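The block underneath contains the structure these notes are about, expressed in structure tokens.
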Amino acid sequence: MAPDTDADGAAAAAALPEGCLPVLQWLRRRAVAEVAAGVAPGRQLLQQHLEERMWAFLRQAFLVPRDFPTIGEALAHAPRWPPTTILVSPGRYEEELVVDRPVTLIGDALGLPGGISGGSGGSASGGRAELWGGGGGATGGDRRRAAAVLFDVEPELPVAPQLRGFAVAAGGVHGAAAREVCSAVAVARGAATVVGCSLSSSTGYGLWAYATGRLKLVDSELDGRKAAALFEGESSGLVRNNRLEKCASFGILVQHTASPVLEGNVFRGVKKAAVYVKDFAEPCVRECRFEANESSGIFVCESACPVVEKNEFRGHTMPAIMVKDRASGLVRGNVIEGNLGIAVLLAGSTTVVLEGNDLRDNRKKSGTPASQQRIQAQSQALRVLRELEPEISSTRGGKRAAILVQDQAAPIVRGNSLSSNDGYGILVCNSANPTVEGNTVRNHWRPGIAIRDTASCLLRKNSLFDNEGYGVMVGEDACPQIEENEFRGHKKHAAVWLGGSTRAHLRGNVFSGSAGYAVAVAGTARPTIEGNTFRDGAQPAIVVQGDARGLIRGNTIVSLAPICIVLRERAAPFVDGNTLSVAPALAAVDSAASAAAAHPAQIVCKDDSAGTLRDNRLAGAGAPPATLLVLDRAHPEVSVSAEPNFGAAALACSRQRQLDEEGGPEHGTSKRARPS
């Protein structure tokens, strides 16, 4: 229900100077209301329709300084109902305003009808009114409420006050000391709209929404010493199509339980994080552009839970997106391209969902001198921001990953596309435990996915292809589950490398067209390699070396090379129940296996390797058993069953060739394979 229009209107008409245009407008409006009441007495629906549709054309209008010398006096004479328009002529106004009624303040003379503006003449602001506050005034001595324009309206007010076309600056005026903190515009209670303004503060925030304030900010420019904009308390609202460029501090800071929507904004050259989300805040950041900010594009910490979707991030030397602590939320459908270092950093114990993003061409070097200079100065920037972002400075190799997951983070990394990034595609370290699922990782110079330290993650249904480095590299004490992934076309290194003392599980994966080994096992690793399919590899599908152990069971290998599995050095895995198939001998693919060139063997044991070989067969019904070649001092344990798993003739032939080359059994150092 609208406020009492008769009482407020009569009081306003009595207070206006003689001959003011608003009196006639008010009388016309009251006449329409009386007619409406006579046509449909007691009908709330008709009254509501008039309030929403018609009254906008019958507003009162004041002109400053024609009708009142200051904006504050015009506000004081504006009725609490109906809505009033206050037109402000170009010029500089040193005052602070408290807006508590449905007024529209217009400071852009270009939007006024011809001949209506007058008063103070032109201004340095190029045709708009300049409002300067911060030296004491309407907002009093309450530092928390200090602002050049403070919106404090009743929440149930049906029409929100508006500020349009002003240049608002806070932080001290002529002859007055600047307040410790003074914002250009503040919204404490109720709804407010700010359109086409320039907001800045030399001591506080360009925009400050707190308590239960609801703000709509459109087509404006912002800056502030502490942050260009701050949302805190239970504030909310819409921030759309604004520009935040070269801000001296943070771009937009969202804290407590604030929940604004940030849409279609441009953040460029912001000194600190362009969007900083903390506490329990739940903002939505969508369709924004983040370009060449000196810190992160978006920084999320504590227990915040934002939605970050359909944004573009380019040219950052710090992580374009950084999520840490207990933060959660959703990062979806963003383009993260051409950043210099880490594209996305997930740290602490975050459980954020990173889904459907496109990460490409993120580099460690820039093609432009200016950007390269920023990279070289990154260590200095890290020292400056150490208190805020300590994880980056302590991360080994972190600046060479498109996605870095560290600490105890347990995010979901799902359905992303990673291509042509300079460093790792995804790096998982410390004791992180992410779920990495359904991603496409291609054309990386370093490993597409690297897992190290004590990380234990799930890699499932990812597609990794055409990477110059390893597809997946697992080291140290990491223990990932690598399931149902597709590896194809790896050009130089193994599709999967398992080192350190990892106990990784490879299950149900498909490997095809690798130029190197499909799986290489080294160090003291003890992986389980089970139920995988290997096709069309140019080299042996599986090589086990060092002091590695583990289980190789139930795999299907269809190889272009004459050898499927190689055990060397001191490796001693359990090789059980694999189905092997090779093409005719093309050439020796391993110098130590040259003896097999004329009579290919599917499994080769060399050096001091051992292990247990059981129930391995060639593919196809009625196919002959697989063949084994034993070289050097190798001594595998070969199980014999009703269907021999190795041809006795092939084994004897291999043994005899080795003895002949070594000058007879008295000169040989290798041991005969022991049937069990």
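Limited to segment 441-469, what total is found for residues that are touching an Asp or Glu at 6+ places or on another chain (Cβ under 6 Å) and among the hydrophobic types (A, V, I, L, M, F, W, C)?
Qualifying residue count for the region: 1.
Taking segment 598-647, which residues are modelled with pLDDT under 60 and out of contact with any strand residue (DSSP E or B) (no Cβ under 9 Å at 6 or more places or on another chain)?
Matches in segment 598-647: ALA598, ALA621, GLY622, ALA642.
LEU253: open to solvent by 10 Å² or more (accessible area, probe 1.4 Å) and over 14 Å from the mean Cα position of the chain (by Cα), yes or no?
So LEU253 fits the description; yes.
Going by the structure shown, is LEU217 part of a strand (DSSP E or B) and closer than 13 Å to THR193 by Cβ? Working first, answer last.
Details: part of a strand (DSSP E or B): yes; closer than 13 Å to THR193 by Cβ: yes.
When the stated conditions are applied, LEU217 passes them.
Looking at segment 566-597 only, could you name the residues that are modelled with pLDDT under 50 and assigned to a loop (DSSP other than H, G, I, E, B)?
First, the residues of segment 566-597 that are modelled with pLDDT under 50: 585-597.
ALA585, LEU586, ALA587, ALA588, VAL589, ASP590, ALA597, listed by residue number.
Is segment 329-350 home to any residue that is over 13 Å from the mean Cα position of the chain (by Cα) and under 23 Å from VAL239 (Cα atoms)?
So far as segment 329-350 goes, no, none of its residues is over 13 Å from the mean Cα position of the chain (by Cα) and under 23 Å from VAL239 (Cα atoms).
Please identify the pairs in which a residue from segment 538-565 that is farther than 17 Å from ALA495 by Cα and outside any strand (DSSP E or B) has its Cβ atom under 9 Å from the Cβ atom of a residue that is open to solvent by 10 Å² or more (accessible area, probe 1.4 Å) and aromatic (Phe, Trp, Tyr), counting only partners at least 6 apart or on another chain.
ARG549/PHE574; GLY550/PHE574
Quick check on ALA188: is it open to solvent by 30 Å² or more (accessible area, probe 1.4 Å), within 21 Å of ALA148 (Cβ to Cβ) and touching a Lys or Arg at 6+ places or on another chain (Cβ under 8 Å)? Steps first, please.
Details: open to solvent by 30 Å² or more (accessible area, probe 1.4 Å): no; within 21 Å of ALA148 (Cβ to Cβ): yes; touching a Lys or Arg at 6+ places or on another chain (Cβ under 8 Å): yes.
Considered against the rule, which asks whether it is open to solvent by 30 Å² or more (accessible area, probe 1.4 Å), within 21 Å of ALA148 (Cβ to Cβ) and touching a Lys or Arg at 6+ places or on another chain (Cβ under 8 Å), ALA188 comes out as no.
Being open to solvent by less than 10 Å² (accessible area, probe 1.4 Å), aromatic (Phe, Trp, Tyr) and out of contact with any Pro (no Cβ under 6 Å at 6 or more places or on another chain), is that true of even one residue in segment 225-235?
no
Please count how many residues of segment 58-110 are under 19 Å from ALA148 (Cβ atoms) and not aromatic (Phe, Trp, Tyr).
Final tally of qualifying residues: 32.
Of the numbered conditions (1) in contact with an Asp or Glu (Cβ under 8 Å, 6 or more places away or on another chain); (2) at pLDDT below 85, ALA652 fails exactly one; give the number of that condition.
(1)
The values are calculated or read from the model by the stated rules, or taken from the named source; none is laboratory data. Everything numeric here is computed off the predicted structure, so don't read it as measured data. So basically every Cβ, Gly included, is an ideal-geometry build from the backbone, and we count neighbours across all protein chains shown. For accessibility, only protein heavy atoms count, side chains too; no ligands or nucleic acids. Shrake-Rupley method; radii C 1.70, N 1.55, O 1.52, S 1.80 Å.
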